[in-house]
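Asker: My questions all concern the structure below.
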Amino acid sequence: MNAHKRSFRYLPNPIVMKKLSLLAITLFILSCSTTQKSVKTPLLDTYTFLLTEVSTDPSYGLSEKNPVKVGGNDQQEGPMNERRFLNALAGPNGEKVSYYRAGSCCAVKSKNGFMGYAMLDNYRVSWEGSPDTVSIYINMYDYGELKAPLGFTIKNQKSKGGRELYAHNQYE
């Protein structure tokens, strides 16, 4: 009889258990929510984002402090999104651009990077008649609204194949 009473003595209070369960459920729900908005970035074709405007910010994409945020690393499409963005650009008068990846640089704070930081990729871009190459800094870890950097135009917008394509994109 004494052993029976002892086992009940260690049972948790039902009110405390309810509160702990409610707290656990609330924390689970909050941890599953996100502050990011999901958008679909239209594609001109499989390899090209469909951009609609040129940035008015002179530092957008041209400074490591204000990189183009193409995202995609979370879906194993980071490098592809970088190329999709660059393929959407044209020179100041609509010239075809060429580019190459100069390498990674510039650690930036990122919730999506390793230990709170991500490395930017630096691409060197030129077009026929350009006096020099232009550096464009791209972040494939974070998402943002995509625009052509100042000094560039947007590639011809005629869609190929007559169907709409989208790349999933998220930004805060």
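Coordinate-derived values only; no laboratory data. Since this is a predicted model, take the numbers as computed values, not measurements. When we count neighbours, we look across all protein chains shown, and the Cβ atoms used for this are built from the backbone with ideal geometry, even at glycine.
Asker: Please compare each pair in Lys65/Lys147; Lys65/Lys96; Lys69/Lys155; Lys109/Lys155; Lys111/Lys155 to a cut-off of 25 Å on the Cα-Cα distance and tell me which ones are over it. Kindly include the intermediate steps, with their values, before the conclusion.
Answerer: Numbers: Lys65/Lys147 16 Å; Lys65/Lys96 27 Å; Lys69/Lys155 19 Å; Lys109/Lys155 31 Å; Lys111/Lys155 32 Å.
Going by Cα-Cα distance, Lys65/Lys96; Lys109/Lys155; Lys111/Lys155 fall outside the 25 Å limit.
Asker: Could you order the peptides 114-123, 84-93 from most to least packed, using the average number of other C-beta atoms within 10 Å per residue? Display every interim value, and only then the final one.
Answerer: Working: 114-123: 16.2, 84-93: 19.7.
In decreasing order of mean packing, 114-123, 84-93 become 84-93, 114-123.
Asker: Provide Ile136, Ile154 in ascending order of the number of other Cβ atoms located within 10 Å of each residue's Cβ, fewest first. Please report the intermediate quantities before stating the final value.
Answerer: Working: Ile136 26, Ile154 18.
Ranked by crowding around the Cβ, least crowded first: Ile154, Ile136.
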